[in-house]
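The values are calculated or read from the model by the stated rules, or taken from the named source; none is laboratory data. What you are looking at is a predicted structure, and each value in this text was computed from that prediction instead of being measured. Cβ placement follows ideal geometry from the backbone for every residue including glycine, while neighbour counts extend to all protein chains displayed. What goes into the accessible areas is simple: the full protein's heavy atoms, side chains included, and nothing from ligands, DNA or RNA. Shrake-Rupley method; radii C 1.70, N 1.55, O 1.52, S 1.80 Å.
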Amino acid sequence: MNVFSRRGLIAAAGGVALGANSARSAEGPSPVRGGKGADILGPRNAAREAEDPFTMAPPKTDHGTMPNLKWSFADSHMRLEEGGWARQTTTRELPISKAMAGVNMRLKANVVREMHWHKEAEWAYMIKGRARITAIDGEGRTFADDVGEGDLWYFPSGIPHSIQGLDGPEDGCEFLLVFDDGGFSEDSTFLITDWLAHTPRDALAKNFGWPESAFDTIPEKELYIFPGPKPGALADDQLGGAGPVPKRFSHRMLAQEPVRTKGGSVRITDSAIFPASTTIAAALVELQPGAMRELHWHPNGDEWQYYLSGQGRMTVFGSESKARSFDYQAGDVGYVPFAMGHYIENTGDTPLTFLEMFRSPRYADISLRQWMALTPHALVQAHTGLDRAAIDALPQTKSQVVPG
């Protein structure tokens, strides 16, 4: 993609530059494109508007009414606890996100996300630092592992588990959790302390074979996130039970060899290589400046995105002549409803890295360019009016990332 197509389109959209200095001026971008629009006379939030120049001055190809497909974790409520925090993006924050929800969580070293389970399955990506995770399944088989940056874990619905931050340069860890239901709430998980606090003491005594006085010290309410004892060696926490779980609940995503192109790379992790992850498939995408995740769609579900670094723009096509563009940066969530065509372009000067998640056991996408290359070319020409020689030269393999 040449310099005009990457940056000149900004001018075509109304002279709004994506450069940090001009886009974040005191006045903010103007809702003007060519001879259309006008300046803002009333109150405005210039800093916020500067983060979304294509919302302020959309390209002329945007059309019709599309739902909001963006939410920033910076706008989510921050639940502060001793030694950590959590914030979430669900249908309450992003109403279109019905298939999946996300939680961003931080635990300092030794701090515990208490023993709990969910109705929903939990998929996770470690953003920074290290943690120890533990779980058991319905057969009494056990799991424990230490996970670090770029590692994944997946706990099926109903599987009890725990997470504890470990010592290291980052003093614990920060991670992204994704759940296979947009209506999920982090505040509605099943917590061991909450259950014990709301079970009669005589029932607890009978269940464990202990005197009622043994439960005098249990917490009166949930702990949720709290400082815990420093973990020992991993081997000491890999308890026997009925043996290890048959499918490991963790996976080293960054250890995968990516699909590399001139414009970037893609790592795809689904149940084919992470067998435990039966309801969520994912891809980790890196785009070099100017590069683009090619025009495509997904035939097997909605797409939930999390932006890890850089800045980019996505345009989504929703049929009925509807299309809308959104700007994203680190910490933002993007969403693409089922089967809607879209692309993502790196509009910054540093690599753009983001995760794509799907409520599906397998990852699947369909490339517009590959579809055209593998359809009778005379038919494609009749539809598009494109040069036949150009159509004949289209590559028959998908290229997921195209260079700038």
Listed peptides 150-158, 313-321 by packing density, highest first (mean Cβ within 10 Å): 150-158, 313-321
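If you take the alpha carbon radius of gyration of the stretch 23-112 and divide it by 2.2 N^0.38 Å, what ratio comes out, to two decimals?
Working: Rg = 18.0 Å, N = 90, 2.2 N^0.38 = 12.2 Å.
Dividing the Cα Rg of the stretch 23-112 by 2.2 N^0.38 Å gives 1.48.
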Between the stretch 130-196 and the stretch 70-91, the Cα center-to-center distance that results, in Å: 17
The chain, relative contact order [Cα under 8 Å, separation at least 6], %: 17
Amide H contacts under 5 Å for residue 340, placed H, 5+ residues apart: 298
Normalised contact order of the stretch 219-315, rounded percent, pairs of Cα under 8 Å and 6 or more residues apart: 17
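In what sequence, highest mean first, do 323-329, 394-400 appear when ranked by Cβ atoms within 10 angstrom?
Values: 323-329: 21.6, 394-400: 13.6.
With the highest mean Cβ count within 10 Å placed first, the list reads 323-329, 394-400.
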Debye intensity ratio I(q)/I(0), log10, the stretch 245-390, q values 0.08, 0.19, 0.20 Å⁻¹ (C-alpha model): -0.25, -1.22, -1.29
Proximal lysine pairs, the chain, alpha carbons under 24 Å, eight or more residues apart or interchain: 18
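For the stretch 83-140, what does the convex hull of the Cα positions come to per residue, in cubic angstrom?
Values: hull volume 6.8 nm³, N = 58.
So the per-residue Cα hull volume is 117 Å³.
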Packing rank of 104-114, 81-91, where each peptide gets the mean count of other beta carbons within 10 Å, highest leading: 104-114, 81-91
Viscosity 1.002 mPa s, temperature 20 °C, Stokes-Einstein D of the stretch 149-238 from Kirkwood C-alpha radius, µm²/s: 131
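When the accessible area of the stretch 122-228 is computed with all protein chains present and a 1.4 Å probe, what percentage of it is carbon and sulfur?
Working: 2480 of 4780 Å².
Reported share for carbon and sulfur atoms: 52 percent.
What whole-number value in Å² describes the accessible area per residue of the stretch 263-404 for a 1.4 Å probe?
Numbers: 5330 Å² over 142 residues.
Roughly 38 Å² per residue, with all protein chains present.
Expressed in whole Å with the largest first, what are the equivalent ellipsoid semi-axes of the stretch 331-404 derived from the C-alpha gyration tensor as the square root of 5 times each eigenvalue?
Working: eigenvalues 161, 57, 25 Å².
Values for the stretch 331-404, descending: 28, 17, 11 Å.
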Span from the the stretch 240-293 Cα centroid across to the the stretch 360-404 one, whole angstrom: 26
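Using helices alone, what [θ] at 222 nm do you get for the chain, with -39,500 (n - 2.57) per DSSP H run of 4 or more residues, divided over all residues and rounded to the nearest 500?
The helix contribution divided over the chain gives -3000 deg cm²/dmol.
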Cα Rg, Dmax (largest Cα-Cα span) when computed across the stretch 310-363, Å: 12.2, 35
The chain - Rg (one decimal) and Dmax (whole number), Cα, Å: 24.1, 85
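Projected area of the stretch 81-179, taken from the Cα convex hull and averaged over every viewing direction, in nm²? Don't skip to the answer; put the middle values down first.
Working: hull surface 25.4 nm².
Mean projected area of the Cα convex hull: 6.4 nm².
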Radius, Kirkwood style, for the stretch 204-321 when every pair of distinct Cα atoms is counted (Å): 20.2
